[in-house]
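Let me begin by presenting the structure, written as structure tokens, before commenting on it.
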Amino acid sequence: MLNSGISVLVEGINLQRLMLGLAVTVRIALISIILGSLLGVFIGLIRSSKSKVIGFICRFYLEVFRIIPVLVWLFIIYFGVTNLLNIHLDGEVVALIVFSLWGAAEMSDIVRGALESLPKHQMESGLALGLSFWEVYRYILIPQAVRRMLPGAINLSTRMVKTTSLVVMIGVIDVVKVGQQIIERSVLKTPTASFWIYGLIFVLYFIVCYPLSKWSKNLEAKWEN
Amino acid sequence: MTIAENQPVLLEIKELHKEYDGATVLDGIDLTVHKGEVVVVLGPSGCGKSTLLRCLNGLENVQGGSIHLAGQNLTDKTVDWKPVRQQVGMVFQNYDLFSHMTVLENVLLGPVKVQRRAKKEALEQAEQLLKRVGLYDRKDAYPRQLSGGQKQRIAIVRALCMNPQIMLFDEVTAALDPEMVREVLDVILGLAAQGMTMIIVTHEMGFAKAVADRIVFIDAGKICEVVTPDEFFTNPKTERAKQFLNIFQY
């Protein structure tokens, strides 16, 4: 019976546990988004450098993170690298490393694309005014690029939030894992538990991601005027 | 003999040589510009007119010869372009206003961030210049809300607000709707009347005739003629200049 099943959400400390799981999800996502964005902007900027070596290293880095699934990265670092170096890394730390590096790789491409889409003459106009190379970036190119890369960056952020659900595979207890644990324990008493628990998780992810896209829409609208 | 020739020399170009990947673009350009003089550079497409202007504020590097601006050698390897570019105002064909800034912000960027002038003083000058080109009421508009002619007039104001000693105009009306050419050329004529030193690259022959103290005709990277507009348009000396002028007469 559906109407009796919903009580599984508030039974005991179930809701509290789900919230703690959500906190893990949000923590990993948020820290990775921040670190990934900072590193990604830096890499995106140096990718406009004319040096072939820098260009190659940046491209290699980007492709490596694009081609290899995030799950495999988590495994390589959590099981492989720790084993090889004979160290122990906490699952959450590994998740932060992998998600930050993945975010940075994708972010760098968004930044590069935004910078390249700006008219070439903007640089010359800035130089002709007596601005230095970096001042042109600071006052002219980056502010314009930020506006262009916002949709892509927000899209990446929501993708990162969603992809954190993979951390279960290296033993991190996130909101999905907590949900599974609660379902396993309650399923005999409440056969509809998985509907209600996963339903709540569905809503929770929506609550986390929706403000991001709402915020980006507002910013875009603001810059439009 | 123009009045300007009694004035001190502001810009002196000698034997200027410029190559792109081995192809010669400027082949021994000699040109002296006096303070307050308006020099119009004419010539067929690809003759090196724009490149010449771009060499004067360091957007292109040169392979030989010298450029002296107010006594400073700009072809010296150690030249610091930042102060030089504040002396040389340049307006481009594509009126590149900064799209994320309002008209006033565009105009004030150089004076405030480069020249470190007081905001209030720079703002006064900017507003005065905007009034002069008839765009004061558009000071808070963004570039996309302006017509091509308006954008180009703002680009001129942006360069003027740095108080340059010389202004370079690189085909500033070439990308404009014909109806908007006039409003931009009027601004430049106004500057000429005020004694601004200018080098103008243009394809507007009527305008060249009206504004120039001297016409410099360039072909294939070489100066063919340096004469008064009257002489150039009525009695060009070189065959190449005659051919060039014929194109503009139907």
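The values are calculated or read from the model by the stated rules, or taken from the named source; none is laboratory data. Keep in mind it's a predicted model, so treat the numbers as computed, not measured. Glycine gets a Cβ as well: all are built from the backbone with ideal geometry, and neighbour counts include every protein chain shown.
For the stretch A:105-166, the helices (runs of 4 or more DSSP H) that sit wholly inside it and include 1 or more residues that are more than 13 Å from every other protein chain (Cβ to nearest Cβ) are A:142-163.
Of note, B:Thr75 does not satisfy the criterion of being among the hydroxyl-bearing types (Ser, Thr, Tyr), outside any loop (DSSP other than H, G, I, E, B) and touching a residue at least 12 places away in the same chain (Cβ under 8 Å). Scanning the stretch B:203-250 for residues that are assigned to a loop (DSSP other than H, G, I, E, B) and among the charged types (D, E, K, R) turns up B:Glu204, B:Asp213, B:Lys237. Do the conditions hold for B:Leu53, that is, is it within 14 Å of chain A (Cβ to nearest Cβ), assigned to a helix (DSSP H, G or I) and not acidic (Asp, Glu)? Answer is yes for this residue.
Within the stretch B:169-185, the residues that satisfy the criterion of being more than 18 Å from B:Asp213 (Cβ to Cβ) and in a helix (DSSP H, G or I) are B:Pro178, B:Glu179, B:Met180, B:Val181, B:Arg182, B:Glu183, B:Val184.
Return yes or no: is A:Val187 away from chain B (no Cβ under 14 Å), at pLDDT 90 or above and more than 23 Å from A:Cys58 (Cα to Cα)? Criteria not met by A:Val187. Residues in the stretch B:113-126 that are surrounded by 15 or more Cβ atoms within 10 Å (Cβ to Cβ) and not aliphatic (A, V, I, L, M): B:Lys113, B:Gln115, B:Arg117, B:Gln125. Residues that are out of contact with any Asp or Glu (no Cβ under 8 Å at 6 or more places or on another chain), under 30 Å from B:Gln145 (Cβ atoms) and β-branched (Val, Ile, Thr) occur in the stretch A:144-155; there is at least one. Scanning the stretch A:123-146 for residues that are farther than 21 Å from A:Ile46 by Cβ and either small (Gly, Ala, Ser) or in contact with a His (Cβ under 8 Å, 6 or more places away or on another chain) (or both) yields A:Ser125, A:Ala128, A:Gly130. The set of residues in the stretch B:78-107 being over 20 Å from A:Tyr137 (Cβ atoms) and without any contact (Cβ under 8 Å) to a residue 60 or more places away in the chain consists of B:Thr78, B:Val79, B:Pro83, B:Val84, B:Thr102, B:Val103, B:Leu104, B:Val107.
Counting the residues of the stretch B:81-110 that are in a loop (DSSP other than H, G, I, E, B) and within 10 Å of another protein chain (Cβ to nearest Cβ) gives 10. Taking the criterion of being more than 19 Å from the chain's Cα centre (by Cα) and buried (at least 19 other Cβ atoms within 10 Å of the Cβ), the residues of the stretch B:140-150 that qualify are B:Tyr142, B:Pro143.
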